[in-house]
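Heads up: the structure comes next, in structure tokens.
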Amino acid sequence: MSNASLPISIAQVTKRYGPMYALDHVDLEIRSGEFLTLLGPSGSGKTTLLTVLAGFTRPDGGSLKFGDAEMITVPPHKRNVGMVFQNYALFPHMSVADNVGFPLKLRGVGTAEIAQRAERALDMVRLGGYGKRGIDQLSGGQRQRVALARAMVFEPRIMLMDEPLSALDKQLREHMQIELRQLHDKLGMTTVYVTHDQREALTMSDRIAVINSGRIMQLDTPRALYERPKNRFVAEFIGESTFLPVLVSGGRVHLGDQVLQTAEPAKTDGPQLVMLRPERLRLLGEGEVADDAFNTLDATLVATVYQGDSSLFQAALPDGTLLSVRGGTAGAIAPGAKLRIAVHCKDTVLLAPEAPA
Amino acid sequence: MTELPNARTLRRSALFERWSLLGLVAPALLLITVTMLLPVGWLFYLSLLSDAGEFSLEHYQRMWEHPSYARTFWTTFQVSFLTTAICIVLGYPLSYFLSEIPKRAANLCMIAVLLPLWTSLLVRTYAWLVLLQRRGLVNNWGIELGLWEEPLALVHNLAGTLIGTVHVMLPFLVLPLYSAMRAIDRNYLRAAANLGASPLRSFWLVFFPLAMPGLVTGALIVFILCLGFYVTPAVLGGGKVIMVSSRIANDIEIFFNWGAASALGVVLLVLTVLLVLAAGRLVRMDGVLGGGGSK
């Protein structure tokens, strides 16, 4: 298998359905050999963007380059990209081997070589010896692997995946996430992966582009996306979060009459939001004092939710704002108890003011 | 072994369920027996009786010895085959078109396809006669427009018969073919294109084989209906295109020879059954009988 890969350059790609933008002037540079995930809720445009890459959707305009070659006007069968479909789209009238050999047959490869390369691709997805079977004799996980073998057998330099794991049960899905990633590292092709599952995106990707309403809300590494979301949409979509309304004036962040230290200095004045992750908050014990790097908040316990591996404490700030704190399961605290909550300034994330929609 | 509590009652209710399910098909079963199996059996019995009422194979023997019978069967198969072929040529692109346009529009078009089925067969057949005869509309216009000079022989021959039968049979091909094509997941075609298949190759390698059960079902229905077709060939063929059905009618109406007519019917039935079995070998039988795409 070759390990050649190509960068993808997307510029100004736009697709409108009536007044709705499925893609709104999307710019995206995908690095050669990168595993990039398009993450977003359903209807966000992530799948539309993938089908533009594959050539199934004709955009209204824009530029799409694989390497240096402009591809936006090239028909799908000449793009030479591998794709794994959501429901696999394995041809039901062909055997496993014929499915995997199909792209080679179209490229005029000899019969003996087709058989050999198809078997090798099946070996890679650990389905060696399954060639003679019919598609309807395979389980969901096996079909998934056949689809993968078929997409990579012709050694494309770009691989597209449209929610390929969504039809599998949880355990198999988590197993396949790791396997897919390993396969990508081994073959080295540029991979664009579409999912609405944030955990899947965080697990597998080099970088994630969060998409909403046909626009890229943030493009970052999984860690940066989780720890430094740039806006409320990204913060809400990925992980659990609590938002506190604050007022910034003269570079100081005021929460009520308290001043908070934030991860990054405030740049603009006015009402803004601070985001906190429940698992980054800590309940302080009786008489315990956090050091200077922490903000301390006073709150009242509203409810405790037992979740097995942890408990979620619902607390209310003096002004009534609710916030969640993840903590241990030992010891019960009665609702109404006074709490003191510590959060490191690095975990106190000031979101950029929302651009007017 | 001791019996589990309530085992007897549970067993009885299972049995009851099975029998009541059978009860649902009882009326249909009865109808088929009375209107199909018994008459066909009776015909078969009649075909084995000589004119004098004794057991003999003379009707079959006559069919074998007189070349006119072979000619009739040949004509019947020829008309059926040509009708089926023309229906495929006309119906395949039509079905493809219908399966590609939005469902709502396709449903409207489907009404247009089905409209002929809701009009009387006789009316349609005589309408063709009016249009196609020597001094009919088609010939008058053709001559006036200077397309041809002498009136063309468009009825009372094979051409006229085929025009009429194709018109009647087309919906029977389009219906199953369209529904088979509709059922094909368009992602198969996207996948084919993605893997490097040009539109033409993706059609031949993916779409055509997947639509095959619908095509075979439709073609088979048309062919079988044609084998026993009477009215349209009789009127538009004008006595020159003699199909088995016409011959059966003659035997009964003119010669009152039930034995000869029955023998013709039996031979036609056997040939038809053989054909269905052969087609079943060609495509998986469940696809043919199920009248739709395979899963």
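Condition check ((1) at pLDDT 90 or above; (2) polar (S, T, N, Q); (3) closer than 30 Å to B:ALA261 by Cβ) across all residues:
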position	(1), (2), (3)
B:ASN6	yes, yes, no
B:LEU29	yes, no, yes
B:PRO39	no, no, yes
B:HIS59	no, no, yes
B:TRP64	no, no, yes
B:GLN78	yes, yes, yes
B:ALA85	yes, no, yes
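Before we move on, is A:LEU90 in a loop (DSSP other than H, G, I, E, B) and surrounded by 20 or more Cβ atoms within 10 Å (Cβ to Cβ)? Against the criterion (in a loop (DSSP other than H, G, I, E, B) and surrounded by 20 or more Cβ atoms within 10 Å (Cβ to Cβ)), A:LEU90 qualifies.
Set side by side, the residues A:GLY140, A:GLY82 differ, and just one is within 14 Å of chain B (Cβ to nearest Cβ) and either touching a residue at least 60 places away in the same chain (Cβ under 8 Å) or not hydrophobic (A, V, I, L, M, F, W, C) (or both), which is A:GLY82.
The combined condition, being away from chain B (no Cβ under 14 Å), of a type in the set (D, E, K, R) and either over 21 Å from the mean Cα position of the chain (by Cα) or under 26 Å from A:LEU168 (Cβ atoms) (or both), is not fulfilled by A:GLU29. In the set (1) more than 13 Å from every other protein chain (Cβ to nearest Cβ); (2) among the small types (Gly, Ala, Ser); (3) within 20 Å of A:GLU179 (Cα to Cα), A:ALA97 fails one condition alone, (3). The single condition among (1) at the interface with another protein chain (Cβ under 8 Å from one of its Cβ atoms); (2) crowded, with 22+ Cβ neighbours inside 10 Å that B:LEU210 does not meet is (2). A single entry from A:LEU53, A:LEU36 fulfils the requirement of being buried (at least 18 other Cβ atoms within 10 Å of the Cβ), more than 14 Å from every other protein chain (Cβ to nearest Cβ) and either in contact with a helix residue (DSSP H, G or I) (Cβ under 9 Å, 6 or more places away or on another chain) or under 15 Å from A:ALA209 (Cβ atoms) (or both): A:LEU36. The number of residues in segment B:113-145 that are loosely packed, with under 10 Cβ neighbours inside 10 Å and farther than 24 Å from B:ALA159 by Cβ comes to 1. For A:LEU247, the criteria (1) in contact (Cβ under 8 Å) with a residue 60 or more places away in the chain; (2) more than 16 Å from the chain's Cα centre (by Cα) hold in every case but one, which is (1). Pairs linking a residue in segment B:224-249 that is of a type in the set (Ser, Thr, Tyr) to a residue that is in a loop (DSSP other than H, G, I, E, B) and surrounded by fewer than 19 Cβ atoms within 10 Å (Cβ to Cβ), with Cβ atoms under 7 Å and 6 or more positions apart or on different chains, are B:SER245/B:GLY228; B:SER245/B:TYR230; B:SER246/B:TYR230.
The sole residue among A:LEU322, A:LEU351, A:LEU317 that is farther than 13 Å from A:ARG282 by Cα, touching a residue at least 40 places away in the same chain (Cβ under 8 Å) and in contact with a helix residue (DSSP H, G or I) (Cβ under 9 Å, 6 or more places away or on another chain) is A:LEU351. Assessment of segment A:13-35 against the conditions (in contact with a Phe, Trp or Tyr (Cβ under 7 Å, 6 or more places away or on another chain), of a type outside the set (Ser, Thr, Tyr) and modelled with pLDDT of 95 or more) yields at least one matching residue.
Please state which one of A:HIS184, A:HIS175 is under 17 Å from A:LEU127 (Cα atoms) and surrounded by fewer than 23 Cβ atoms within 10 Å (Cβ to Cβ).
A:HIS175
The number of residues in segment B:88-138 being within 17 Å of B:MET169 (Cβ to Cβ), touching a residue at least 40 places away in the same chain (Cβ under 8 Å) and small (Gly, Ala, Ser) comes to 2.
Condition check ((1) surrounded by 16 or more Cβ atoms within 10 Å (Cβ to Cβ); (2) within 26 Å of the chain's Cα centre (by Cα)) across all residues:
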residue	(1), (2)
A:LEU297	yes, no
A:SER310	no, yes
A:PHE313	yes, no
A:ASP319	no, no
A:VAL325	yes, yes
A:ALA334	no, no
A:LEU339	yes, no
A:ALA342	yes, no
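Quick check, is B:ALA159 hydrophobic (A, V, I, L, M, F, W, C) and either in a loop (DSSP other than H, G, I, E, B) or within 28 Å of A:PHE85 (Cα to Cα) (or both)? Against the criterion (hydrophobic (A, V, I, L, M, F, W, C) and either in a loop (DSSP other than H, G, I, E, B) or within 28 Å of A:PHE85 (Cα to Cα) (or both)), B:ALA159 does not qualify.
Here the condition is being within 23 Å of the chain's Cα centre (by Cα) and not aromatic (Phe, Trp, Tyr); of A:GLN137, A:GLN171, A:GLN116, it holds for A:GLN171 alone. Of the residues making up segment B:93-146, those that are of a type in the set (S, T, N, Q) and assigned to a loop (DSSP other than H, G, I, E, B) number 3. Looking only at residues in segment A:143-157 that are more than 11 Å from chain B (Cβ to nearest Cβ) and outside any helix (DSSP H, G or I), which one is nearest to A:GLU34 (Cα to Cα)? My answer is A:ARG157.
Yes/no per residue for (1) in a helix (DSSP H, G or I); (2) β-branched (Val, Ile, Thr); (3) in contact with a Leu (Cβ under 8 Å, 6 or more places away or on another chain):
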site	(1), (2), (3)
B:PRO233	yes, no, no
B:VAL241	no, yes, yes
B:PHE255	no, no, no
B:LEU269	yes, no, no
B:LEU275	yes, no, yes
B:GLY280	yes, no, no
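Of the strands (runs of 3 or more DSSP E) that lie entirely inside segment A:2-56, those containing 2 or more residues that are assigned by TED's automatic domain parsing to the domain that holds A:PRO75 and of a type in the set (Asp, Glu) span A:20-30.
Going by the structure shown, is B:ALA180 small (Gly, Ala, Ser), under 18 Å from B:LEU90 (Cα atoms), crowded, with 16+ Cβ neighbours inside 10 Å and within 14 Å of another protein chain (Cβ to nearest Cβ)? Considered against the rule, which asks whether it is small (Gly, Ala, Ser), under 18 Å from B:LEU90 (Cα atoms), crowded, with 16+ Cβ neighbours inside 10 Å and within 14 Å of another protein chain (Cβ to nearest Cβ), B:ALA180 comes out as yes.
A:LEU172 meets the conditions (1) at pLDDT 90 or above; (2) in a helix (DSSP H, G or I); (3) touching a helix residue (DSSP H, G or I) at 6+ places or on another chain (Cβ under 7 Å) in every case but one. The failed one is (1).
Residues that are part of a helix (DSSP H, G or I) and closer than 30 Å to A:LYS170 by Cβ were ranked within segment A:100-137; the one that is farthest from the other protein chains (Cβ to nearest Cβ) is A:ASP123. The residues of segment A:186-220 that are β-branched (Val, Ile, Thr) and touching a residue at least 40 places away in the same chain (Cβ under 8 Å), listed by number, are A:THR190, A:THR191, A:VAL192, A:VAL194, A:THR195, A:ILE208, A:VAL210, A:ILE211, A:ILE216.
The values are calculated or read from the model by the stated rules, or taken from the named source; none is laboratory data. Quantities reported herein were computed from a predicted structural model and do not represent experimental measurements. Here Cβ is always computed from backbone atoms with ideal geometry, including for glycine, and neighbour counts include all displayed protein chains.
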